[in-house]
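Heads up: the structure comes next, in structure tokens.
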Amino acid sequence: MPQDNANPAIFVARGLTKVYRMGEVEVHALRGIDLTLYRGELVVLLGPSGSGKSTLLNILGGLDAPSGGEVRYLDHTLTGASESELTRFRREHVGFVFQFYNLIPSLTARENVAAVTEISKSPMRPEDALALVGLGNRLDHFPAQLSGGEQQRVAIARAVAKNPAVLLCDEPTGALDSATGVVVLEVLEKVNRELGTLTVLITHNAGIADMADRVIRLSDGQIAEEHRNAHKRSASELSW
């Protein structure tokens with residue numbers, strides 16, 4: 001996808017490396033990643049456990065810092081940013097969705113979403129975010145009263161309610177059965193389409209890759225393969 005004014009690069013990463021030291025052992029999680037991600041794309045990062053997917057996602061989201069290389073978000077360099085700058089970046093620009101929903105049990109669906117919108121610059125109304133994910137009739141339900149798939153949709157509503165430019169999803173269907181997972185993927189597809197949010201989705205499940213604009217396969221900390229889907233399948237057509 002060419003870079004132009006209508007479709008600017010959101011992230012540009014060059015030469016990213018990440019080394020973890022575990023006692024005397026060095027673990028090379030990333031080994032020189034070059035990557036550009038554009039506004040409005042739905043990108044799937046595919047690969048087995050240990051391939052570097054989560055490390056890459058955490059660096060893009062400002063949750064971790066690379067050992068080497070550079071990451072830029074629009075015209076801001078994230079590499080070397082202070083912790084307070086990274087906190088502001090995460091708060092204002094990035095929504096996160098994880099495998100486990102991390103909802104606050106004592107708060108209703110509406111209150112879980114409001115916990116984020118109250119500290120955001122230009123948020124959606126919690127009710128609108130929950131309607132977007134198909135839970136407009138579950139506003140006052142507590143997490144224990146919701147199924148796993150509904151809890152994950154509340155987590156997605158919470159992530160998108162602050163109107164982020166970027167949605168980073170780490171195995172968002174990993175704790176769900178196939179049918180429920182498809183419902184969650186349909187929500188992510190809708191958010192990407194209707195809000196134009198750059199959506200990056202980590203999975204080890206190759207079947208999910210068919211819904212992406214672009215698929216990037218990682219292996220041993222490197223990009224092993226990258227391709228565009230000539231014919232995207234809708235999330236409703238997926239199964240695994």
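Each value in this text was obtained by applying a stated rule to the coordinates, not by laboratory testing. Because the structure is a prediction, the values reported are computed rather than measured. A quick note on method: Cβ atoms are made from the backbone with ideal geometry, for glycine too, and the neighbour counts reach across all protein chains shown.
Structure above, values below:
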{"item": "Candidates Glu127, Glu85, Glu150, Glu118 - the one that is under 30 Å from Arg31 (Cα atoms) and of a type in the set (D, E, K, R)", "result": "Glu85"}
{"item": "Only listed residue being touching a Ser or Thr at 6+ places or on another chain (Cβ under 8 Å), surrounded by 18 or more Cβ atoms within 10 Å (Cβ to Cβ) and of a type outside the set (Phe, Trp, Tyr), chosen from Pro126, Pro143", "result": "Pro126"}
{"item": "From the options Leu188, Leu167, Leu176, residue that is touching a residue at least 24 places away in the same chain (Cβ under 8 Å), under 30 Å from Ala109 (Cα atoms) and assigned to a strand (DSSP E or B)", "result": "Leu167"}
{"item": "Strands (runs of 3 or more DSSP E) (entirely within region 1-61) containing at least 2 residues that are closer than 23 Å to Glu85 by Cβ and not hydroxyl-bearing (Ser, Thr, Tyr)", "result": "9-22, 25-38"}
{"item": "Selected residue (only one of Leu146, Leu135 is touching a residue at least 12 places away in the same chain (Cβ under 8 Å), of a type in the set (A, V, I, L, M, F, W, C) and out of contact with any Asp or Glu (no Cβ under 8 Å at 6 or more places or on another chain))", "result": "Leu146"}
{"item": "Residue in region 201-209 that is surrounded by fewer than 19 Cβ atoms within 10 Å (Cβ to Cβ), in a loop (DSSP other than H, G, I, E, B) and over 13 Å from the mean Cα position of the chain (by Cα) present", "result": "yes"}
